[in-house]
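To start, the structure under review is shown below, and the notes come after it.
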Amino acid sequence: MKGSQIIITALEQENVEVVFGYPGGAVLPLYDALYHSKLRHILTRHEQGAAHAADGYARSSGKPGVVFATSGPGATNLVTGIANAQMDSVPMVLITGQVVTRLIGTDAFQEADITGITLPITKHNYLVKNAGDLSRVIAEAFHLATTGRPGPVLIDIPKDVFEQEAEFSYQKTPDITGYKPTYEGHQGQVSRAARAIAAAKKPVVFAGGGIIRSGAYRELQELVERGQIPITLSLMGLGAFPGSDSLFLGMAGMHGTVAANYALMEADLILAAGVRFDDRVTGKLESFAPGAKIIHIDIDPAEIGKNVAVDIPIVGDLKRVLASLLARFKSPETGTWVRQVQEWCNRYPLSVREEEPESKIKPQYVIKEIYRLTGGEAIIATDVGQHQMWTAQHYRFDRPRTFLTSGGLGTMGYGLPAALGAATASPGRDVWCIAGDGGIQMNIQELVTAVNYCLPVKIAIMNNGYLGMVRQWQEMFYEGRYACTELAGNPDFVKVAEAFGATGLRATRCSEVAAVLETAADTRGPVLIDFQIDREENVYPMVAPNYPLSEIIFEGKGRGK
Amino acid sequence: MKQVLAVLVENKAGVLTRVAGLFSRRGFNIDSLAVGETVEPGISRMTIALEGDEAQVEQVEKQLNKLINVLKVVNLSREPTVFRELMLIKVKAEPQTRSDIQQIVETFRGKVVDVSLNSMIIEVTGNDEKLEAIKLLLEHFGIIEVARTGRVALLRSLKIDGDRS
Ligand SMILES: Cc1ncc(C[n+]2csc(CCOP(=O)(O)OP(=O)(O)O)c2C)c(N)n1
Ligand SMILES: [Mg+2]
């Protein structure tokens, strides 16, 4: 069998249904083999779009996203998408073409050392110089990408290797000597954790993306409910626990709720599950959770103790560790504490706004209306900026895998292609992309992809004519000097949508929001809505970078506590 | 604090880059790094000397363990270990200073491995202090060049090589 055929057959063995990609000289043989197969291929308009689409596919479905790209510029165009997936632990397998073996190292046409370039941003990568290695390498790549702490794996294949004959012998879930993730938690540690929880007076569960990657929602919910323990989530964790549950305090961190941040700071015990204590969530590290004993459960031992000193470390798969914790679980006495945190929730709600019909559009209101319209059932992809934080705050994510956002890398341009990936994975589901006027222009070309493949995503642009999040920082920390953050000369987004063959809508007044959303939902195919929002609206509450979580900046610039 | 890690790796293309890249990327400094084959075919041993506090080095070990091509990491600073390094020193040597140099070399159980009209090359092995000491003494005569292998090390009782135990 030819190398390229080995690859296609291997993908079929892995039950891959769809590949996102972009062809070129070095992958011609691969695309030729694809031509004869039943695999679906989504041709994006930029390789970055393909990478983010595969990412959105993976995050929404739990299955690995697969990408093809050519050598040189095709491969380097993937870099942001790979780094993004690595930071957020998203399973992907990326196959790039490379110049023919004998030209490697000669600066040949369209040669780039993509394994070298992606070394620090992949879970692992391979350069395959013999077709005889392809079966094994692909099996390893899928295994690595999807097990342990998931992540992107890149396979670089010289053009002549696609043409080489070799035997196909595929062994799924291969044994890899240097790779042995720990799945079962240490039982002694689990017992210690159970005792610590039972003894706690002010416990908080702080859960993140690891819960979603592990599929540990039920265990998490049972633990929270049995123990009556208040819970907060990281940005990456939203959806891991029902957002409308009364024990949910909202998101933690820089733009987290007051209740969530106060709870972390006042807690005597934090059960941290599948989080990595990013600086956006801890605030000033030395001041974080001063009185709390910390139990940290994660499948990646390197995350434990990396940023925050941990009292009870447990390495393992969250689903299994939480299950064994539940087996020994004794509820703590939390009545007083729960009343305390609920008082914070009531005293410091996220800004609610009375809407006058003729008033300017407040972005928070749009998000709430999208929530109402979709019954909280939609998959929501966001871009990066203020609109992302408003979405995280005001759309109550009740289900896992419904919130696709670039957390670790904060990649503008992620939202639209990620939404397309989700729409590919879940036909028939409502998929919305909430984007900024800045970020949407970073991958706006993918509107064609939406139109071509009839992917009916609804795109809501929160158009403030600014790189809003950066402008907010300039307002707050640089005395309002708006250096290069005004997006002068933005295009007419309605016309842009129409030029691409999509439907374009616009709303400029509060009274138009609900109607325009309904029109969008009732329109077949991709729709783009230009919401012209109150331009200088800011995201509150906020904890300034490297400040303690308790020093919260409220609307009107007062600093609390 | 100076620490030494023994890292067993699969002898595959790019593995040195993966290990070295990890150090620079995460802001850890390598003092020295020595690589060589083990008795096990396809497995190499890296001996890495680095500077760092307990928490930093623990993080290095965990990050190294995450590399797929890394099979085992042992922190030798926590165990009784034999350290050795080989150093070649080219030192200025006039006919009248040669015997003085010779004497120093003998005291340190070194070897003269090359002699020319006005220089000698000396080979010494030992631990850090010993190599520093002879270097200091020879500086008096004028050192022209130094080449060092970096430290290699083995546990005194147990061996981590190839898991034969
Ligand atoms: C690729 C990339 N470049 C730059 C940034 C820095 N950045 C973060 S938020 C932001 C502003 C985004 O503006 P917009 O898309 O209009 O969203 P808004 O904040 O206005 O809602 C910028 C420039 C980034 N996150 N990603
Ligand atoms: Mg904007």
Per residue of B:63-70, how many C-beta atoms from partner chains lie within 10 Å of its own C-beta, taken as a mean?
5
Apply the Debye scattering formula to the protein assembly as shown, with a single equal point scatterer on each alpha-carbon and no solvent, then give log10 I(q)/I(0) at q = 0.05 Å⁻¹.
-0.30
Hz values of 3J(HN,Hα) by residue in the stretch A:235-240 - Karplus curve (6.51, -1.76, 1.60), Gly and Pro given as x:
3, 5, x, 4, x, 6
Long-range amide H contacts for B:ILE144: which residues qualify at under 5 Å (H placed 1.01 Å from N, peptide plane, sequence gap of 5 or more or a different chain)?
B:LYS90, B:VAL91, B:LYS92
Averaged over its residues, how many other protein chain Cβ atoms are within 10 Å of peptide A:116-125's Cβ atoms?
3
Pull up all non-local amide H partners of A:ILE529: gap of 5 or more, or a different chain, and H-to-H distance under 5 Å with H placed in the peptide plane.
A:ILE459, A:ALA460, A:ILE461, A:LEU505
Within the under-12-Å Cβ sphere about A:GLU303, not counting A:GLU303, Lys/Arg +1 and Asp/Glu -1 give a net charge of +2
Could you tell me the calculated FRET efficiency between A:LYS201 and B:LEU155, based on Cβ-Cβ distance and R0 = 41 angstrom, to the nearest 0.05?
0.30
Expected output is a single nm value to one decimal: the length gained when fully extending between B:ASN127 and B:ALA147, i.e. 0.36 nm times separation in residues minus the C-alpha distance. What is it?
5.7 nm
Per-residue [θ]222 nm for chain A (sum of -39500 (n - 2.57) over DSSP H runs n ≥ 4, rounded to 500):
-10000 deg cm²/dmol
Burial-style ranking of B:33-42, A:413-422, A:181-190, average other-beta-carbon count within 10 Å with highest first, yields A:413-422, A:181-190, B:33-42
Given R₀ = 45 Å, what would the calculated FRET efficiency be for B:PHE83 paired with A:LEU103, taking r from the Cβ atoms and rounding to 0.05?
0.50
When chain B is modelled as a GNM with alpha-carbon springs shorter than 10 Å, which of B:ILE68, B:ILE101, B:ILE143 fluctuates the most?
B:ILE68
Inter-label distance, nm, simple model (7 Å from Cα along the C-beta direction), B:GLU51/A:GLN445:
4.7 nm
Starting at 0 and stepping by 10 Å, how many percent of the alpha carbon pairs of chain B end up in each bin?
10, 34, 27, 20, 9, 1
Treat every Asp and Glu Cβ in chain A as -1 and every Lys and Arg Cβ as +1, leave all other atoms uncharged, and give the resulting dipole magnitude about the Cα centre to the nearest 20 debye.
1300 debye
Set A:LYS201/A:LYS330; A:LYS129/A:LYS159; A:LYS63/B:LYS62; A:LYS2/A:LYS159, cut-off 19 Å on Cα-Cα distance; pairs above it are A:LYS63/B:LYS62
For A:ALA515 and A:ASN546, what is the calculated FRET efficiency with R₀ set at 35 Å and r taken between the beta-carbons, to the nearest 0.05?
0.20
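Every number in this text was worked out from the coordinates using simple rules, so none of it is lab data. Keep in mind the model is a prediction, meaning the values are calculated, not measured. Counting neighbours? That spans all protein chains shown, and the Cβs are built from the backbone with ideal geometry, glycine included.
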